[in-house]
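Note sheet for the following structure.
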Amino acid sequence: MLLIVEETPWLGGMLTSAGVSAIDGNCKLPGGLWGEFRQALSYYYGGIDSLKTGWVSNVLFEPSVGNKILIEMVNKEHSLRVWKETTVENVKKVGKYWLTTVKTGNVKKKIKAKVLIDATELGDIAKLCGVKYDIGMESRIDTKESIAPQKKNNIVQDITYVAILKDYGKDVTIPRPERYDSTQFACACISQVCIKPKEPNRLWSKEMMLTYGKLQNNKYMINWPIEGNDYYINLVEMTPSERVEALKYAKSYTMCFLYFMQKELGMKTLGLADDEYPTSDKLPFIPYHRESRRIHGEVRFTLNDITKPYSQPEKLYRTCIAVGDYPVDHHHTRYHGYDELPNLYFYPIPSFGLPLGTLIPKEIDGLVVAEKSISVSNLANGTTRLQPVVLQIGQAAGALAALSVKEQKNIREVAVRKVQNAILDAGGFLLPYLDVEVGSPLFKTYQRIGSTGILKGIGKHVDWSNQTWLRADTLLLTSELDGLKDVYPSAL
């Protein structure tokens, strides 16, 4: 039996339970589970163009609809069970099995499993299993990334308590929150109260700020990074009770921003949607975590692997199981001293493939790590953390775990090519080539050719678009097939 243990009443993590329902990236790479999810949204709303409601993304949706779709997808898997509102209390290894104690309500249960997948927001299961990990920014000495800081630190990205607002057509201004300080949000957009913006080159009108995350049915996703509801706190090593207490301030910060929008910007008819979250405060179940523990994996994926994949000592491009095309995007402006950190506002990169080894922790058997806790550098996390990539990571983690159990092998003994075949059979990408679409009869062939390195893709950064092209429709020169020597030494 396959079992998902979910802490909230919903499925979907940041997509749904955290309210981040504007998809970042992979618009032209709709592969695997991400492609299925997008297609289901298209059916629900009446076409792909109906998802383009806000200007920040080509795919926006109501979080409750995302949860509904994920439930429908899960219900089709007859061997899969989901235990909602269930928390993990303890994990220990007993022989070749993991014995996990969970709590549902006041009832404790024990689960015996051959393989665990950590898909938590902050890598909590990996820690319980004894995995080594990093928190914060590595130094450039450790990662060889030229824009990394000189010294490592424990600074993580800002979190956000997203607000889903609805236009009620009448004044729904909330009471003035405690600790309200209008100066904290004064330059969230162009306004009379904005005197000294932190980011003068990113100042928008209030209409642009609002329609950034416009959703269907007169709703708006408020996840505004420019002096909006981003909030700095490092929750990672806190206990569950400490996190709950600390997040009260993050929630309050979002409520203060809502009051600012209503009071200072005149948006009095906008209030928290009453038909999204069944919570007492109408806020999402969890905050949007942009950063987590990052495990020490079989490989560590860095910015150098993204920008120059073919000139690195390790040929990680041969082992990829997911793709991404969003710039490196870090949120740090709510951290006091953010101006001393590297400038990571949409740092340009080509699109990339993510190697399987990032999901496999060193020295720990029977565990696969997904979500934002994979083995990447802090800088690379700025693009691997985004929703389409995380959906694909989850799919690859499931394929790896299933093959491990089926073949009765340890995780690291499973052949990467078998995992890649499972991804391809499910319509997923291994490498982000734009030449051949998923539905093409040549798709799998070109993905496999790229994975061997016989033919190497060309990465480009064009305006806001990060691309990789295999030149499938171009006359090739013998000199461009230098990768053929690695696979067939006698061929040339």
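The values are calculated or read from the model by the stated rules, or taken from the named source; none is laboratory data. Fair warning: this is a prediction, and the values are worked out from it, not measured in the lab. So basically every Cβ, Gly included, is an ideal-geometry build from the backbone, and we count neighbours across all protein chains shown.
What to note about this one:
- Pick from the stretch 61-94, criterion of a type in the set (Gly, Ala, Ser) and over 19 Å from Val368 (Cβ atoms), ranking: surrounded by the most Cβ atoms within 10 Å (Cβ to Cβ): Gly66
- From the options Gly35, Gly25, residue that is modelled with pLDDT under 95 and either buried (at least 16 other Cβ atoms within 10 Å of the Cβ) or not in a loop (DSSP other than H, G, I, E, B) (or both): Gly25
- The stretch 326-351, subset of a type in the set (Phe, Trp, Tyr) and at pLDDT 90 or above, residue farthest from Pro388 (Cα to Cα): Tyr335
- Among the residues of the stretch 464-485, those identified as surrounded by 10 or more Cβ atoms within 10 Å (Cβ to Cβ), out of contact with any strand residue (DSSP E or B) (no Cβ under 8 Å at 6 or more places or on another chain) and without any contact (Cβ under 8 Å) to a residue 40 or more places away in the chain are Thr474, Leu476, Glu480, Leu481, Asp482, Gly483, Leu484, Lys485.
- Some residue of the stretch 328-338 being touching a strand residue (DSSP E or B) at 6+ places or on another chain (Cβ under 6 Å) and either of a type outside the set (A, V, I, L, M, F, W, C) or on the phi > 0 side of the Ramachandran plot (or both): yes
- Residues of the stretch 109-142 classified as more than 18 Å from Ile4 (Cβ to Cβ) and more than 26 Å from the chain's Cα centre (by Cα), total: 1
- Scanning the stretch 360-368 finds one or more residues that are in contact (Cβ under 8 Å) with a residue 24 or more places away in the chain, within 25 Å of Val438 (Cβ to Cβ) and part of a strand (DSSP E or B).
- Within the stretch 190-213, the set of residues being modelled with pLDDT of 95 or more and either in the same structural domain as Ser50 (by TED's automatic domain parsing) or under 24 Å from His289 (Cβ atoms) (or both) comprises Met209, Tyr212, Gly213.
- Of all residues in the stretch 170-189, those satisfying the criterion of being more than 30 Å from the chain's Cα centre (by Cα), surrounded by 10 or more Cβ atoms within 10 Å (Cβ to Cβ) and within 15 Å of Gly266 (Cβ to Cβ) are Val172, Thr173, Ile174, Ser182.
- So Ala322, is it in contact with a strand residue (DSSP E or B) (Cβ under 9 Å, 6 or more places away or on another chain), aliphatic (A, V, I, L, M), under 25 Å from Val244 (Cβ atoms) and in contact (Cβ under 8 Å) with a residue 24 or more places away in the chain: no
- Condition check for Thr254: among the polar types (S, T, N, Q) and within 26 Å of the chain's Cα centre (by Cα): yes
- Residue ID - modelled with the highest pLDDT, chosen from residues in the stretch 140-169 that are surrounded by 15 or more Cβ atoms within 10 Å (Cβ to Cβ) and small (Gly, Ala, Ser): Ala163
- Residue ID - nearest to Asn410 (Cα to Cα), chosen from residues in the stretch 274-297 that are out of contact with any strand residue (DSSP E or B) (no Cβ under 8 Å at 6 or more places or on another chain) and not polar (S, T, N, Q): Glu291
- Test result for Ala401, in the same structural domain as Leu354 (by TED's automatic domain parsing), surrounded by 17 or more Cβ atoms within 10 Å (Cβ to Cβ) and either among the aliphatic types (A, V, I, L, M) or within 23 Å of Ile458 (Cα to Cα) (or both): yes
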